[in-house]
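**Q** Below is the structure I would like to discuss, written out as structure tokens.
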Amino acid sequence: MPRPKRTRAAQAAASQQEGPALRIAMIASECVPFAKTGGLADVVGSLPKALRALGHDVIVIMPLYGMINRERYDIRPFLAPMGVWMGDTEEWCAVHTTTHEGVPVFFIEFDRYFARPGLYHDADYNDYLDNPRRFGFLTRAGLQLCIDMGFRPDIVHTHDWQTALAAAYLKIWHWNHPVLGGAASVLTIHNIAYQGVYDASHYPYLGLQWSNFTPDKFEDHGRINFLKGGIQYSDMLNTVSPTYANETRTPEGGHGLAMYLNDRGSAYRGILNGVDYTQWNPETDPLIPARYSAGNLAGKAICKRELQLRMGLDPNPNIPIVGVVSRLAHQKGLDLLAGAIEGLVQNALVQFAILGAGDKGLEGYYSLLPVRFPGRVGSFIGYDTQLSHWIEAGSDFFAMPSRYEPCGLNQMYSLRYGTLPIVRATGGLEDTVQQYDEHTGAGTGFKFYEPSVHAVYYTIGWAISTYFDRPHHMQQMIQAAMAQDFSWERSAKEYVQLYREAIARKRGM
């Protein structure tokens, strides 16, 4: 079976790096631009490009969901049929492929599991009952694909509970396999609250052996816990920011898994996500009304005016806009913002531009705000890629009142667009936003610590007062914000170091 060839550019990059080039198979449940529900897809879409730029040989393996447009992405047949053993059952699937920005992407086609409207749940946000089988199969199929096409990985990199079983499969079934026997495993935890906990009746199908259904591996109060098993079996593991790594080691932040993460010691760490500046850069962004830079902000004023018109806000350039692009969820603190927003609109000169979907109660609340406060609040329930770019470019501030935030990407997008973040100091928000200093004008945003309506109200009020009372500080902060660099190159180098440590652990070095 033919395998992807390394380009001359990749070979040249490999000759300049420290250590030999690595072969990396990345198995994930989502990846931009093909399928996305959150930041996981952004990482899987961006990190492989950065790794290939450093000279490494990377492939991505994901499901061929029913909503993926095959023609648009030039997805074509690669291998059929492919047999995948699940417990005592051999399932048969097909594999398709495309290349996205230089990265080979392989799609597992199995309509019984993946030809559905949603990735993980139906339109009412009810989880598909066979999710453990769906993603157990994806993981095993990803490893089988490596075998069938002769791709001998140094690293199998998996993401969240959906593909966490790969580390166990490597150690239980493939420890001496000629293709997979040398592969070390790395697990990235994007959000520890989602662990893949399901009824034990699915366990035989996963083929993990009942001897491993124990409290220190897969058993969780009589149920299966995918992420718990992945933590036990992975050679190295990480999460997506240093602060979140520390938070998940605590009883409150670990959601029941803190003791298992602490047991892994130095094998667990935080690596901050990067930003794909080819997609998020106001100097080149094709989706915004006008382009601009730190040296010439005239285009940002145009973006603000166009955002006001699009969202039904009063077209006044002298009123600050607070933008929001978020899942409408408890984790994201959008209920806290809901408790503060009416008082802010009534007591301060401010506008809000809100884009999001999620909790039906919050959807109903935010959808009615433009009716109750015409010209002051605009909202769009759902998701619109172009509008998300318009909000980043046209707003003066960007609110992220998260109760917890493993990394967050929008605050880093906001910094590049000169849109100052207003955030709760948790996880990656703490790591990426520098607190404003009223005395010196230093900083890149506004942070609060208590997850409360009171803290959200007064911190947004603090930002508004800075806009009107200290405009020179606003300009100083905008320049500092736009100078921040969270490119993937830095993060990719940290992942390479993580990979090399995983290989050393695998080999007992």
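**Q** Tell me the relative contact order for region 135-191 as a rounded percent, counting alpha carbon contacts under 8 Å between residues six or more apart.
**A** Rounded, it is 43 percent for region 135-191.
**Q** If you count the DSSP beta bridges with both ends in the chain, what percent of them are antiparallel, to the nearest 5?
**A** In the chain, DSSP labels about 30 percent of beta bridges as antiparallel.
**Q** Continuing with this model, one more query. Ranked by accessible surface with a 1.4 Å probe, highest first, in what order do 458, 417, 120 come?
**A** 458, 120, 417
**Q** Given a 1.4 Å probe and the protein chains all in place, what does the accessible area of residue 201 round to, in Å² to the nearest 10?
**A** Accessible surface of residue 201 is approximately 70 Å².
**Q** Just going by the charge dipole of region 149-245, with Lys and Arg at +1 and Asp and Glu at -1 on Cβ, which of 164, 182, 204 is farthest out on the positive end?
**A** Final value for the positive-end residue is 182.
**Q** When only the heavy atoms of the protein chains count and the probe is 1.4 Å, how do 44, 371 rank by accessible area, highest first?
**A** 371, 44
**Q** For an R0 of 30 angstrom, estimate the FRET efficiency from the Cβ-Cβ distance between residue 69 and residue 127 and round to the nearest 0.05.
**A** 0.75
**Q** For 440, 432, give the ranking by accessible area with the largest first, probe 1.4 Å.
**A** The ordering from most to least exposed comes out as 440, 432.
**Q** Compute the accessible area per residue over the chain, keeping the other protein chains in place, probe 1.4 Å, unit Å².
**A** On a per-residue basis, 38 Å².
**Q** Let's see if you can work this out: charge +1 on each Lys and Arg Cβ, -1 on each Asp and Glu Cβ, no other charges. What is the dipole magnitude of region 99-145 about its Cα centre, in debye to the nearest 20?
**A** Computed charge dipole of region 99-145: roughly 240 debye.
**Q** What does the accessible area of residue 24 come to, in Å² to the nearest 10, when a probe of 1.4 Å is used?
**A** Approximately 0 Å² for this residue.
**Q** With bins 5 Å wide starting at 0, give me the P(r) of region 132-185 over every alpha carbon pair, in whole percents.
**A** Histogramming region 132-185 at 5 Å steps yields 5, 22, 35, 26, 10, 2 percent.
**Q** Take the chain, mark every one of the GluC sites (Glu not before Pro) that falls in a DSSP loop and has at most 15 other Cβ within 10 Å, then report the longest stretch left between them, sites excluded.
**A** In the chain, the maximal stretch lacking such sites is 284-437.
**Q** Multiply the residue gap between residue 216 and residue 309 by 0.36 nm, knock off their C-alpha separation, and tell me the result in nm, one decimal place.
**A** Using 0.36 nm per residue and subtracting the Cα-Cα distance, I get 27.9 nm.
**Q** Of 300/447; 228/506; 171/228; 228/447; 304/447; 332/447, which ones are farther than 26 Å apart at the Cα?
**A** 228/447
**Q** Magnitude of the Cβ-charge dipole of region 90-209, K/R +1 and D/E -1, about the Cα centre, nearest 20 debye?
**A** 340 debye
**Q** Suppose a student asked you for the relative contact order of the chain, using Cα pairs under 8 Å spaced at least 6 residues apart; what percent would you report?
**A** Relative CO of the chain lands at 12 percent.
**Q** Let me see the pair-distance distribution of region 43-191: every alpha carbon pair, 10 Å bin width, integer percents in order.
**A** Going from the shortest bin to the longest, the percentages are 10, 40, 40, 10, 0.
**Q** Now, a different point. I'd like the per residue volume of the convex hull spanned by the Cα atoms of the chain, given in cubic angstrom.
**A** Each residue corresponds to 151 Å³ of Cα convex hull volume.
**Q** In whole percent, and with a 1.4 Å probe on the protein chains, what portion of the accessible area of the chain is carbon and sulfur?
**A** The value for the chain is 53 percent carbon and sulfur by accessible area.
**Q** Then there is this: Would you kindly find the accessible area of residue 58, with a 1.4 Å probe and non-protein molecules such as ligands, DNA and RNA excluded, rounding to the nearest 10 Å²?
**A** Its accessible surface works out to 0 Å², give or take rounding.
**Q** Express the relative contact order of region 348-475 as a whole percentage, based on alpha carbon pairs under 8 Å and six or more residues apart in sequence.
**A** 18 percent
**Q** Now a separate question. Simple spin-label model, 7 Å along Cα-to-Cβ: residue 147 to residue 259 in nm?
**A** 3.6 nm
**Q** Follow-up question, since we're still on this one. Once whole DSSP H runs in the chain are found, which of them have Cα atoms spread over 15 Å or more along the helix axis and a mean Kyte-Doolittle score of at least 0.5?
**A** Result, helices passing both filters: 39-53, 334-347, 453-469.
**Q** To continue, here is another question. Nearest-5 percent of antiparallel DSSP beta bridges in region 231-386?
**A** Bridges in region 231-386 that DSSP calls antiparallel: roughly 5 percent.
**Q** Name the residue from 498, 455, 436 whose Cα lies farthest towards the positive end of the charge dipole of region 434-509, charges +1 on Cβ of Lys and Arg and -1 on Cβ of Asp and Glu.
**A** 498
The values are calculated or read from the model by the stated rules, or taken from the named source; none is laboratory data. All of these numbers come straight from a predicted model, not from anything done at the bench. With ideal geometry, Cβ positions are generated from the backbone for all residues, glycine too; neighbour counts draw on all protein chains shown. Only protein heavy atoms, including side chains, enter the accessible area calculation; ligands, DNA and RNA are left aside. Shrake-Rupley method; radii C 1.70, N 1.55, O 1.52, S 1.80 Å.
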